[in-house]
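What follows is a single structure, written as structure tokens, with notes after it.
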């Protein structure tokens, strides 16, 4: 509930102990299935090869960049972003092979207000729709909320990107609205949908992630016993 000032105007909840949060660092985040490492040129060749396993280039449709024509082009792109402070790109490493299978980033970093966005998500066929893909997202959320103490974690996507919208909702993000005519991307208009997770929502979401990622939530064939959404509903469904 908003507090009132001396003029009886609502001014929002007081945060008397709030301090700017640390800026995210290029750290390694270790999970059971995967590991996040700061994206670097030494990942480029194997990551390019992983993306080449896709039957077509549809995974590039919603990205800001066009597909790289060759590994040299991809290597140059990685070199151009590997030392940025914003965004900070991470390679997702499959711990069973020790090879990169995708990447994602922390971006639009606002340490003063404790706000950060996950973006530049590009998963190869070796990562998409696997427990690793969920764990990679969870590891980055843990870093933002538990380690850095951020208040707000954002997800934004093209409003026409139904797979991204569905992924955000599956992961527990709340839809906040649509910003119209925000960008011109590849010669087309982009309306952007905004989603978020707040620090007050995180503990319950974290518990659901941990239950879903647990080894006993998967049968011998690797099929989930309960969905992430079911765990968010206390595993009752």
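The values are calculated or read from the model by the stated rules, or taken from the named source; none is laboratory data. Quick caveat, the model's predicted, so the values are computed rather than measured. Heads up, the Cβs are rebuilt from the backbone with ideal geometry, glycines too, and the neighbour counts pull from every protein chain shown.
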When residue 222 is run through (1) over 17 Å from the mean Cα position of the chain (by Cα); (2) modelled with pLDDT of 95 or more, the failure sits at (2)
- Query: What do you reckon, is residue 116 assigned to a strand (DSSP E or B), touching a strand residue (DSSP E or B) at 6+ places or on another chain (Cβ under 9 Å), within 30 Å of residue 189 (Cβ to Cβ) and at pLDDT 95 or above?
  - Reply: yes
Only one of 55, 46, 50 is assigned to a loop (DSSP other than H, G, I, E, B) and either out of contact with any helix residue (DSSP H, G or I) (no Cβ under 8 Å at 6 or more places or on another chain) or touching a residue at least 12 places away in the same chain (Cβ under 8 Å) (or both), namely 55
- Message: I'd like to check something: does the stretch 197-207 contain any residue that is assigned to a strand (DSSP E or B) and free of Cβ contacts under 8 Å to residues at least 60 places away in the same chain?
- Response: yes
Residue 183 vs. criteria over 26 Å from residue 52 (Cβ atoms), in contact (Cβ under 8 Å) with a residue 60 or more places away in the chain, touching a strand residue (DSSP E or B) at 6+ places or on another chain (Cβ under 9 Å) and surrounded by fewer than 20 Cβ atoms within 10 Å (Cβ to Cβ)
no
Considering residues that are in contact (Cβ under 8 Å) with a residue 60 or more places away in the chain and not in a loop (DSSP other than H, G, I, E, B), the number found within the stretch 1-29 is 1
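Just to be sure, is residue 135 under 22 Å from residue 214 (Cβ atoms), in contact (Cβ under 8 Å) with a residue 24 or more places away in the chain and either surrounded by 13 or more Cβ atoms within 10 Å (Cβ to Cβ) or in contact with a helix residue (DSSP H, G or I) (Cβ under 9 Å, 6 or more places away or on another chain) (or both)? Break it down stepwise before answering.
Values: under 22 Å from residue 214 (Cβ atoms): yes; in contact (Cβ under 8 Å) with a residue 24 or more places away in the chain: yes; either surrounded by 13 or more Cβ atoms within 10 Å (Cβ to Cβ) or in contact with a helix residue (DSSP H, G or I) (Cβ under 9 Å, 6 or more places away or on another chain) (or both): yes.
When the stated conditions are applied, residue 135 passes them.
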Selection from the stretch 146-178 of residues farther than 27 Å from residue 21 by Cα and surrounded by fewer than 16 Cβ atoms within 10 Å (Cβ to Cβ) yields 160, 162, 163, 166, 170, 178
